[in-house]
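Engineer: Here it is, the structure, as structure tokens.
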Amino acid sequence: MIINLRPVWRISLRGLAWALVMMTIFLAAAYFVPVAPVDSDWARQAFRINEDFREEMGWPELVQQLAKIRDSLGPAERSRFGILAGNYGEAGAINVYGKEYGLPEAICGTNSFWARGYGEPPPETLIVIGFSREFGERHFESCELVGHITNKHSVPNEETTDHRDIFLCRHLRESWPEFWKKFRRYG
């Protein structure tokens, strides 16, 4: 059915429709795209609605810190170097921001990251994030604390509160294939 409207009504309804579309886009962006300043009421509300915003705080700084740790290694260790991440958020941050620093793709056993494997040849020296000291000591011949994860906005998230330690670990105690079979996790 075709409705014949006067030009004034047609233009008014079209304008109203576009205004509603733009308002919807604005509200969606305010809650689902990190556009508000971190210390604003909008951001605090967005953190409550979309926890992923909070988890993404500090990713660029984390990757920059990992690059500095990598740069402190000698050439021999850098040739067989990797980064072992405890969750897909950390792994994603490394894969997105790490290219700028020439970092390798993250090694992670969570969800589909596990299917990507650990690389060939397997790394011998790893920066390990998202795990406890006990994990590092159990699985590697040596493991030293080399830093802590922070973010410039002091927004508490999983990385800054639950597992903020960064370790430099060397020489997996078992073969990579054996370790990898047990390393798959879902989360």
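Engineer: Give the lysines reachable from residue 152 as a straight Cα distance under 20 Å; neighbours fewer than 8 places away on the same chain don't count.
Structural biologist: 68
Engineer: Same structure again: Output needed: Cys residues of the chain lacking any neighbouring Cys C-beta below 4.7 Å, sorted by number.
Structural biologist: 108 - these cysteines have no disulfide-compatible partner (Cβ-Cβ under 4.7 Å) in the chain.
Engineer: Quickly estimate the mean residue ellipticity at 222 nm for the chain, helices only: each DSSP H run with n ≥ 4 gives -39500 (n - 2.57), and the total goes over all residues, rounded to 500. Walk me through the intermediate numbers first.
Structural biologist: Values: 9 runs with 88 residues, N = 187.
Taking each H run of at least 4 residues, the total per residue is -13500 deg cm²/dmol.
Engineer: Also: Within the chain, what percent of beta bridges assigned by DSSP are antiparallel, to the nearest 5?
Structural biologist: Details: 12 of 20 bridges.
Rounded to the nearest five, the antiparallel share is 60 percent.
Engineer: For Kirkwood radius over Cα pairs in Å, pick the label among (i) 17.6; (ii) 19.1; (iii) 16.8 that corresponds to the value derived from the coordinates.
Structural biologist: For Kirkwood radius over Cα pairs in Å, the calculated option is (ii).
Engineer: Just want the answer: with Cβ charges of +1 for Lys and Arg and -1 for Asp and Glu, which residue in 127, 186, 23 is farthest toward the dipole's positive end in the chain?
Structural biologist: Value: 23.
Engineer: Between residue 170 and residue 137, what length comes free when the chain is fully extended (0.36 nm per residue of separation minus the Cα-Cα distance, one decimal in nm)?
Structural biologist: Residue separation times 0.36 nm, minus the Cα-Cα distance, leaves 10.9 nm.
Engineer: If one computes the Cα centroid of the range 55-102 and of the range 121-187, what distance in Å separates the two points?
Structural biologist: Between the Cα centres of the range 55-102 and the range 121-187 lies a distance of 12 Å.
Engineer: Here's something else I'd like to know. Mind listing the long-range amide H neighbours of residue 110? Cut-off is under 5 Å, sequence gap 5 or more, other chains count too, H placed in the peptide plane at 1.01 Å from N.
Structural biologist: 185
Engineer: Straight-line reach only, C-alpha to C-alpha below 18 angstrom: list the aspartates and glutamates that residue 99 could link to, leaving out same-chain residues fewer than 8 apart.
Structural biologist: By straight Cα distance, residue 99 reaches 56, 61, 71, 90.
Engineer: Based on the Cβ-Cβ distance from residue 76 to residue 152, what FRET efficiency comes out when R0 is 45 Å, to the nearest 0.05? Mind showing how you got there, number by number?
Structural biologist: Working: r = 34 Å, r/R0 = 0.75.
After rounding, the FRET efficiency stands at 0.85.
FYI, it's all coordinate maths here, none of it is from the lab. Just so we're clear, the structure is a prediction, and the values are computed from it rather than from any experiment. No Cβ is skipped: glycine too gets one built from the backbone with ideal geometry, and neighbour counts run over all protein chains shown.
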